[in-house]
Amino acid sequence: MKSSLSTEQIAAYVEQKTVIEEAIRKNGSTYFSAQADSTHVGLINQGATCYLNSVLQTLYLTPEFRQALFQWSYLPDRDGAKDTCIPYQLQALFARLQLSSHAAVGTKSLTASFGWSAAASFQQHDVQELCQVLFDALERSSEELASVFGRLRQGLLVDYIQHSKWPEEGPRRVREENFTDIQLEVKGMATLAAALHKYIQAQMMEGENQWQAEDGGERVDALKGLSFKRFPSILMLHLMRFMYDWNVGRKIKLNDPLSFPLSIDLSAFLSEHDDQGSDPRGKDTLVYELYAILVHSGTANGGHYTGYIKDTHAPPLEADSANASGWYHFNDARVTPVSSDDLQRLLGEPQKVAEAADAQAVLENPLDVVSSTGYNSSANAYMLLYRAQGTMGRGGTPPDPPEDLRKEIEEENATFAKLKALHDLGERVTELRVFAAPGDREPRTLHVLRDSPLEEVTLEAAHLLGASASMDDVTQIPAMVRLRLYTPSTGALGTTFGGRGKDSLKDLGFSATTEVLLETRLPGSPEFMEYNPNEMSVFVELWDKDAAAPVPDSKKQVVAPGETKATMGALRQAVAVAFGAASGPLPVDHLCLLLVDSSYKSCTRLDGEDGAVVRHCGVTRGDRLLLEICPQQGEERFIPHAVTHHEMIYNLVEICFNSPADPRAFDFSIKIDLRKTVEEAQTEMATVLGLRGGDIHLRRSAMAPQLRNPAQTLKSLGVIDGSVLYVGDGPVRAAGNFLVKLSLYTPSQTLKPFRSLGELDVPGATKVSAFKDMVAAEVARKEPGKHPEWGGGGACVRLRDRKGMEAGRILMSGKTLQQALQRLADGRELAMQLLAKAEEATPQSMPILVRRWSVRDSVVHPPEEVLISREYTTQELRRDLAVRFGLEGPVVPPGEAGAEGDARGSGKEEGAVAGGNAVRVVQHFDAITEEGNLVIHENREGPESHGPSSEPVRGGSLGEGRARLGIAKANTFGPVLDLRAVAKLKWDADLKTEGEAAVVTQAPLLLRDGSLVVIRDTLEHDTQQSDEEVATTAAADGAGPPPPPPPPIPGKAPQKGGKGAGKVRVGGSSGAEGAAAAARNKAGKSAYREQGITITVHQQDVAQKDAPGDQMPSRKDTPASVAFEV
């Protein structure tokens, strides 16, 4: 027996090995598996496509569907590219399901034609929804397929309403609708017949829900229901197992059992309104046979779909056959036949459940009734497919796919057969990587059959490496060589398989790729020692401290014996013997063993007691040890030179740094021990730069603080190989000093409000007032006469804690810098403002920026800084800013005399002047008299109010009349705040009544030091909007732009309508009366426009009070009505 393969076999296998591995990677580990059932092919799951696979297998085993699809012809000009043509891809998939020799085929080409992405393959969907979408896509792609599928899937349903007592003589309404599936309730239904009866059960329409025929007449009690006029050839029944449970607030799955027969007569469910002769199959063919059950296992949140499908093309089987039932279980790539016993166990015990008398159940099969639940209550039938009896008999030849697809699949099968043969061969082959000696870097490769005996493989390995050529007596070769497991990465020697030469590699546990060592011995030499798992085999080298390296060629393999576990004492003794001279072994007390890690950068002294187990000391088989001779016997405090050397290597890193003269170029580097201190590193770097160590300082980066602790090690700073350190000019600052970055802050310069003034070394204990004097003197010295608006001196300087692009809070003069700035460190940024007069800020002061939006001039003015109190409410802030910017007073104040002095019906507008600003009173129309006069009253509700109010306005708060000053918060920095941006801000409409009483530092404003707010004149804004609306209306009516408004009446402001303006609805039937009312309205509107009052006319829908039957009239019958807004 020859254990190795022929050269041709090896070449073919190696050439195709990559192709085989790639096919497995793409298609899964079952790609080359043999078919569990030679009749059917499975479908590979792309991730979560089990629902798709179940539907596809059901459609494939529907003969009419498969035949229609195979008869369809692909035409490039009509159907486009094959990759995106759904009928073609489905046709190709069905052809592979019928002809492929694979155990399973993929669906990626089909889902790609759907337009699915890779992520869509991991999203599970509903099988009933998929059926509808898939058929719709196929029917849109081909009129031919649409016609065939329509005949197969479409039934006719009758939707009727009829008189409850006289269904024939009384009024009735009958509508016919096509259907493709029936959705049946499961909850409370024991049988399929009960669910069907529930579906067609009529509902009584009575009481308030009485029915009135479309041709009029009185309301009557009626019955509303459904019935079937014609069933399709393929009947799909969807069992509704998913529902939303309002009690628990989530979707749940109903696991209620539902029994259904393998055959059923549906004639009892036909419509009473149907002419039976209209059914093309006739009444005698209404027996339907179950041929597919789609099962869902899991919960409403997810699960798995499989299909139990009957193959109607399979010939009848004997009763004792393994698949006497003719059913198959399709579970993605796995297809298994289902015997009658298996079907009973999987889907429930057979139950002699007689269907209702009117259902006339036909129980012809050995399995009378199948239950929708098996032993696992979460696995339930979800969709049932019945076919009309006699439409396709059992047995027969399946339809043939198109010839071009047949040839393509035959070529695929031939290629797959060759590849599978090589794959099967590879499953029987072991690739041996044979090493000639420990440490060998170039092993030889030997391909052998896995069922070959070990002794034959050993001889072939000896011939391959030439070991047998040095042996004179060929008969002695088997005893002179052996194979043992070997780990080249560590040099560890493994099992020797003593006495098992007759066993096969498979029985010995050899994997597809195994690494072995070929050991040889000369005749007369000691016998091979068998592998002992308790012994410890390591490699030991003698250390030369003068050369700081192992002695060349001193590496030896040392085996520490152990009957149970090798001990440290046994290891030391074995090392002493291995490195001893002719005079005897080395003294054990002078041996120092060191364990070297795999990276050769560190080593650890093995100080375990002689009785300690070697494995427990961290040593494993094949580890590398160093041997160093101690200068004094028993010297425990001796530090081996190898340990010091390896620690130096392990901690030696290279760091880069710059010259203080060129802070951006890190062109210098040194190698340094991480255990050295900052001071030592600073000295070495200064030497490289030609400077004194005291003239520089170190930082982790240019923006980081100085490294002030000279005793801190580089390792504790997190320095690693390749790290960069920044070298700064000047010595390390004294303890308590900080490097502060100072910038000049000018709020009115919106694009660049900050200008850097440099860095200052300042003690943290410096008073803020002293620091302001210091920086004032520095500004006066460096920039004389450049700031004419500045009052001069530290008293006219404001210091702020800068936060990025915001100036931050004000530092109080009575505190030190460390007290005023929490967590003060190097690099802290401060902003400096030059004031015209001495600082007035208090601890409660909060500086904010205010920008005014001039609506009339279409200008957003530069920001102005304003000091406000942190305890301000929104109402107080509005009042303060209104005084500062001359926008005092509400837009809609209360009546002059409150509730007692109501000016209702006065018909005039009153005005007042407060603080030089116009204040207007908006007046509403209460009614229109017969003469067309307008009766007006004062409005006491603002745009955001929901009712009138007689309370006085305090501070112009919203909800009591709109304040004239509108306010909105904006971002301090970011995009340019232009007209479009300010128009989109959240203005007063978002500040509700409770928001007016909130502190400005809380919601809704959430102001902080340096925040930006925008203000506007609400009166000006509303007037502009009104003018734009009038212009738009006039342009729409073709009247052109409106004439300019007349000059305002002295002491009165122009009026306009608001959201809360009073409205009067005038109802009328139409004709002359409506025309007269419209004329009076127009005249009134013109009269008040002359006084600066704007009147807007709206169409309103008003219900007729005398509509017959208390019904609301339709919109087209609603009379015109008019509402006025002032």
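The values are calculated or read from the model by the stated rules, or taken from the named source; none is laboratory data. All of these numbers come straight from a predicted model, not from anything done at the bench. Virtual Cβ from ideal backbone geometry, glycine too; neighbours counted across all protein chains shown. For accessibility, only protein heavy atoms count, side chains too; no ligands or nucleic acids. Shrake-Rupley method; radii C 1.70, N 1.55, O 1.52, S 1.80 Å.
Hey, does region 387-409 have a residue that's among the β-branched types (Val, Ile, Thr), surrounded by fewer than 16 Cβ atoms within 10 Å (Cβ to Cβ) and more than 30 Å from Ala103 (Cβ to Cβ)?
No.
For Leu485, state whether it is among the aliphatic types (A, V, I, L, M), modelled with pLDDT of 90 or more, at negative phi and part of a helix (DSSP H, G or I).
The answer is no for Leu485.
In region 496-539, which residues are assigned to a strand (DSSP E or B) and of a type in the set (A, V, I, L, M, F, W, C)?
Val516, Leu517, Leu518, Met536, Val538, Phe539
Would you pick out the residues in region 92-111 that are open to solvent by 60 Å² or more (accessible area, probe 1.4 Å) and over 12 Å from Thr49 (Cα atoms)?
Correct list: Ser109 only.
Counting only residues that are free of Cβ contacts under 8 Å to residues at least 24 places away in the same chain and charged (D, E, K, R), which one in region 716-755 is least open to solvent (accessible area, probe 1.4 Å)?
The residue in question is Arg755.
What's the number of the only condition in (1) without any contact (Cβ under 8 Å) to a residue 40 or more places away in the chain; (2) assigned to a helix (DSSP H, G or I) that His645 fails to meet?
Looking at each condition in turn, His645 falls short on (1).
Exactly one condition in (1) buried (at least 17 other Cβ atoms within 10 Å of the Cβ); (2) under 16 Å from Leu1012 (Cα atoms) is false for Thr873; which is it?
Failing condition for Thr873: (2).
Of all residues being acidic (Asp, Glu) and open to solvent by 50 Å² or more (accessible area, probe 1.4 Å) in region 430-455, which is nearest to Ala512 (Cα to Cα)? Just the residue, please.
In this case the residue turns out to be Asp451.
Can you pull out every residue in region 217-233 that is open to solvent by 10 Å² or more (accessible area, probe 1.4 Å) and among the aliphatic types (A, V, I, L, M)?
Val220, Leu223, Leu226
Assuming Ala48 fulfils every condition listed in (1) part of a helix (DSSP H, G or I); (2) more than 17 Å from Glu139 (Cα to Cα); (3) under 34 Å from the mean Cα position of the chain (by Cα) apart from one, which condition is it?
So Ala48 meets the others, but not (1).
For region 540-579, what are the residues that are open to solvent by 80 Å² or more (accessible area, probe 1.4 Å), within 20 Å of Val619 (Cα to Cα) and either at pLDDT 90 or above or assigned to a helix (DSSP H, G or I) (or both)?
Correct list: Gln573, Val577.
Output the residue which, of all residues in region 700-711 that are of a type outside the set (A, V, I, L, M), open to solvent by 60 Å² or more (accessible area, probe 1.4 Å) and out of contact with any Lys or Arg (no Cβ under 8 Å at 6 or more places or on another chain), is nearest to Glu680 (Cα to Cα).
Filtering region 700-711 for residues that are of a type outside the set (A, V, I, L, M), open to solvent by 60 Å² or more (accessible area, probe 1.4 Å) and out of contact with any Lys or Arg (no Cβ under 8 Å at 6 or more places or on another chain), the one nearest to Glu680 (Cα to Cα) comes out as Pro710.
To keep it simple, each residue is scored yes or no on (1) closer than 20 Å to Asn534 by Cβ; (2) among the acidic types (Asp, Glu); (3) modelled with pLDDT of 85 or more.
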| site | (1), (2), (3) |
| --- | --- |
| Ser583 | no, no, no |
| His590 | no, no, no |
| Leu593 | yes, no, yes |
| Glu609 | yes, yes, yes |
| Gly634 | no, no, no |
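Going by what's in this entry, would Ala795 be described as more than 18 Å from Ser748 (Cα to Cα), at pLDDT 90 or above, open to solvent by less than 30 Å² (accessible area, probe 1.4 Å) and not in a loop (DSSP other than H, G, I, E, B)?
In short, no.
Of the conditions (1) open to solvent by less than 60 Å² (accessible area, probe 1.4 Å); (2) part of a helix (DSSP H, G or I); (3) modelled with pLDDT of 90 or more, Glu679 fails just one. Which one is it?
Glu679 satisfies every listed condition except (1).
Looking at (1) in a helix (DSSP H, G or I); (2) at pLDDT below 90; (3) within 23 Å of Ser748 (Cα to Cα), which one does Gln875 not meet, given that it meets all the others?
(3)
Read through the list (1) surrounded by 14 or more Cβ atoms within 10 Å (Cβ to Cβ); (2) within 47 Å of the chain's Cα centre (by Cα); (3) assigned to a loop (DSSP other than H, G, I, E, B), then give the number of the only condition that Val248 fails.
Going through (1) surrounded by 14 or more Cβ atoms within 10 Å (Cβ to Cβ); (2) within 47 Å of the chain's Cα centre (by Cα); (3) assigned to a loop (DSSP other than H, G, I, E, B) one by one, Val248 breaks only (1).
Out of Gln124, Gln132, Gln128, Gln89, report the one residue that is open to solvent by 10 Å² or more (accessible area, probe 1.4 Å) and closer than 22 Å to Tyr31 by Cβ.
Gln89
Looking at Ser54, Ser29, which one is farther than 27 Å from Asp126 by Cα and within 35 Å of the chain's Cα centre (by Cα)?
Ser29
Here is a check on your reading of the model: is Gly216 out of contact with any Asp or Glu (no Cβ under 8 Å at 6 or more places or on another chain) and at pLDDT below 85?
Yes: the conditions hold for Gly216.
Return the residues of region 596-607 that are modelled with pLDDT under 85, closer than 22 Å to Pro438 by Cα and open to solvent by less than 70 Å² (accessible area, probe 1.4 Å); say none if nothing qualifies.
Asp597, Ser599 - these are the residues of region 596-607 that are modelled with pLDDT under 85, closer than 22 Å to Pro438 by Cα and open to solvent by less than 70 Å² (accessible area, probe 1.4 Å).
Among the residues of region 612-626, is any without any contact (Cβ under 8 Å) to a residue 60 or more places away in the chain, in contact with a helix residue (DSSP H, G or I) (Cβ under 7 Å, 6 or more places away or on another chain), open to solvent by less than 60 Å² (accessible area, probe 1.4 Å) and part of a helix (DSSP H, G or I)?
The answer is yes; a qualifying residue exists.
Which numbered condition trips up Gly491, out of (1) within 18 Å of Leu432 (Cα to Cα); (2) at pLDDT 85 or above; (3) not aromatic (Phe, Trp, Tyr)?
Result: Gly491 passes all but (2).
What's the total number of residues in region 729-772 that are touching a strand residue (DSSP E or B) at 6+ places or on another chain (Cβ under 8 Å) and either farther than 30 Å from Gly694 by Cα or hydroxyl-bearing (Ser, Thr, Tyr) (or both)?
13
Can you find, within region 188-205, the residue that is farthest from Val220 (Cα to Cα) among those that are open to solvent by less than 70 Å² (accessible area, probe 1.4 Å) and part of a strand (DSSP E or B)?
Thr191
Only residues in region 672-692 that are within 17 Å of Arg708 (Cα to Cα) count as the first member; pair them with residues that are at pLDDT 95 or above and among the aromatic types (Phe, Trp, Tyr), Cβ under 6 angstrom, at least 6 apart or cross-chain, and list the lot.
Met685/Phe657
Which ones in region 110-134 are assigned to a helix (DSSP H, G or I) and either hydrophobic (A, V, I, L, M, F, W, C) or modelled with pLDDT of 90 or more (or both)?
Within region 110-134, Leu110, Ala112, Phe114, Ala119, Ala120, Phe122, Val127, Leu130, Cys131, Val133, Leu134 qualify.
Is one or more of the residues making up region 68-84 over 24 Å from Glu403 (Cα atoms) and of a type in the set (Asp, Glu)?
No, there is no match, as no residue in region 68-84 is over 24 Å from Glu403 (Cα atoms) and of a type in the set (Asp, Glu).
From the list Val434, Val362, Val370, Val353, which one is at pLDDT 90 or above and either in a strand (DSSP E or B) or among the β-branched types (Val, Ile, Thr) (or both)?
Testing whether each residue is at pLDDT 90 or above and either in a strand (DSSP E or B) or among the β-branched types (Val, Ile, Thr) (or both) leaves just Val434.
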